[in-house]
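Inspection log for the structure reproduced underneath, given as structure tokens.
Please treat every number below as a calculation from the coordinates, not as lab data. What you are looking at is a predicted structure, and each value in this text was computed from that prediction instead of being measured. Virtual Cβ from ideal backbone geometry, glycine too; neighbours counted across all protein chains shown.
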């Protein structure tokens, strides 16, 4: 059979454009004994993918030119010659941006779509939820009564971070890019306060007003000037988990800013970059806690679902324009 | 009796000058029952004092205009009306820059000048040694075979950090400001390599050459462009204890530099500011280890001793011109 995939046509300079991607035809053979034929249902679209489009050393290797973009995908078994799977099973794994796949079944794991919608396994019960959980709990270490600020608060990770911080008994302030998003954070996701950085002229003052006791934990998804303003309000012994720097991902030059070390030094602040892989040995703990909070109704989630496999590049570009609330997913 | 003290006459802008200080006469009464009369022997002169000359919130409160500079002092008991002290005892405490003092004996502790020279209690067996010990061991956490880089390596703290890192089995590279200092580090203080930043045109390359396996721990005493170059060579999961930022202490504007967070993020680096007070509960552990290493001959120390009480301001100014090797002390 013939299927389609999306490859990296060229490396972007600055913000990616649709010409950096190309749709290609791929021929798939008949499946053999032990194999399964899979059809992509939901494709995860994540900010870190931008980094992999550069030819630079980072925590994930760069995507190759003329090779497909890869990421997490929820798939359905269409045909099975494996004793472990039957048609209709839903699985998750790391795959190219491609419509159909052949697998030996070893690179996927079955998921329970009765416990949660299939797409949740790309997000709150997947890397997104675990990133929020471990970054906040194991680096941020929030204590009841402390103030937690989250940037990119309406993004997939941020929206979970804020809710977990509330579960811990913290005063939680989110920073996001539209009034629609800030309203959603305080009305639907239990944030105590939220700041729209696009309409706020003095972020330093706005953060000081929203955090009268200063900032004890700053969960940073965005970097740049928003982070500069938060760090001006940082408390002694504060913790700053560095989860993302989306405001800088499209920079073509090394971004400059105020030097942070004097502030970190005089206030005994900890700043720590992390990737979720660092916590792999502890994933079961995270999954168990997240599932429990979802079941107890303490943890809610939101997704932005775009439709159509061919819209994957557009969805990725949309991330950098703040088009998403919560996790960005494309339904094939 | 009449004695003399040195007060802060005015707050410096940028580099302090001798006019920022003033010598004053002070009248001392006769000592009463329970009191002791003390004479200053050695005065500690430290980079952090520059921060206290500004009227700004930091980890130590600012010095007041027309009030004396204060710091650690080793003193001798001249006359005692206390049952706990006799004339000739040597003690250490935090005191103003003043020649003679009256004390009730509660703000000093006796030191053993047979174990080590009296001045060592201002340095290797005092805050300097403990700062090196806790910053390196509890934040840097060096493992045998790792590479440790120390900036300000010929300074009081740096020279101890490098030796402790060697005791831990690390490859140790120091950064200092003269050939005399770099030679001293490798010949007398067991550093594997040392870089003179004043004669090196490409620090990034020089660090890469001295650290072929990258940098696992960067003990930062200086900040600024030297730190930028070290951080370019930082390894995954590296640790950066922030101990000082002497290159920036005299800045009158907020110093700008390349944003660090993308590097800290993609390499899962920990950066942590600290002051020695954070580790107060564990001081006995540090003092015991430092004393043991000195006794075993594994830990050596060097001091720059200026003479004359009236030269205290000059000695402080000298710190910012790199005049000292090891701890800067003034002998009265």
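Here are the numbers for this structure:
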{"item": "Part-to-part distance (alpha-carbon centres) for region B:187-205 and region A:207-258, which is given in Å", "result": "33 Å"}
{"item": "Choice from B:259, B:52, B:109 with maximal GNM fluctuation in chain B (Cα, 10 Å cutoff)", "result": "B:259"}
{"item": "Ellipticity estimate at 222 nm from DSSP helix runs (n ≥ 4, -39,500 (n - 2.57)) divided over the protein assembly as shown, nearest 500", "result": "-6500 deg cm²/dmol"}
{"item": "Gyration tensor (Cα) of region B:132-193, equivalent ellipsoid semi-axes in angstrom", "result": "18, 12, 8"}
{"item": "Equivalent ellipsoid dimensions for region A:2-62 as semi-axes, Å, which come from the Cα gyration tensor, largest first", "result": "28, 15, 11"}
{"item": "Label 7 Å beyond Cα on the Cβ vector: residue B:281 copy-to-copy distances, nm", "result": "2.5"}
{"item": "Counting all C-alpha pairs of region B:127-278, share separated by more than 18 Å (%)", "result": "52 percent"}
{"item": "Peptide-level mean, for B:248-258, of C-beta atoms on other protein chains within 10 Å", "result": "3"}
{"item": "Quotient of C-alpha Rg and 2.2 N^0.38 Å, computed over region B:88-143", "result": "1.43"}
{"item": "Normalised contact order of chain B, rounded percent, pairs of Cα under 8 Å and 6 or more residues apart", "result": "18 percent"}
{"item": "Antiparallel content of DSSP bridges confined to region B:110-241, in %, to 5", "result": "0 percent"}
{"item": "Degrees separating the helix A:179-188 axis from the principal Cα axis of chain A, which is the longest one", "result": "90 degrees"}
{"item": "Simple spin-label estimate for residue B:39 and residue B:10 in nanometres, 7 Å along Cα-Cβ", "result": "3.6 nm"}
{"item": "Pseudo-label separations to other copies for residue A:15 - Cα-to-Cβ vector, 7 Å, nm", "result": "4.7"}
{"item": "Cα coordinate range in region A:207-303, projected on the principal axes (Å, largest first)", "result": "43, 37, 27"}
{"item": "Selected from B:214, B:155, B:308 as most flexible by GNM, with chain B as the system and alpha-carbon contacts under 10 Å", "result": "B:308"}
{"item": "Copies compared at residue A:60 - label distances in nm, ascending, label defined 7 Å from Cα in the Cβ direction", "result": "4.8"}
{"item": "Beta bridges by DSSP in the protein assembly as shown, antiparallel share as percent, to the nearest 5", "result": "60 percent"}
{"item": "Fluctuation leader among B:129, B:40, B:257 - chain B, Gaussian network, Cα springs under 10 angstrom", "result": "B:257"}
{"item": "Mean Cα-pair separation over length for region A:69-179, i.e. relative contact order, pairs under 8 Å, 6 or more apart, %", "result": "18 percent"}
{"item": "Fraction of beta bridges assigned by DSSP in chain A that are antiparallel (%, nearest 5)", "result": "55 percent"}
{"item": "Largest to smallest principal axis extent of the C-alpha atoms in chain A, angstrom", "result": "64, 45, 35"}
{"item": "Mean Cβ count within 10 Å, highest first, over the residues of peptides B:238-249, A:291-302", "result": "B:238-249, A:291-302"}
{"item": "Computed P(r) (all Cα pairs; the protein assembly as shown; 20 Å bins; percent)", "result": "17, 42, 28, 11, 2, 0"}
{"item": "Approximate shape of region B:94-178 as ellipsoid semi-axes (Cα gyration tensor, √5λ), whole Å, largest first", "result": "32, 14, 11"}
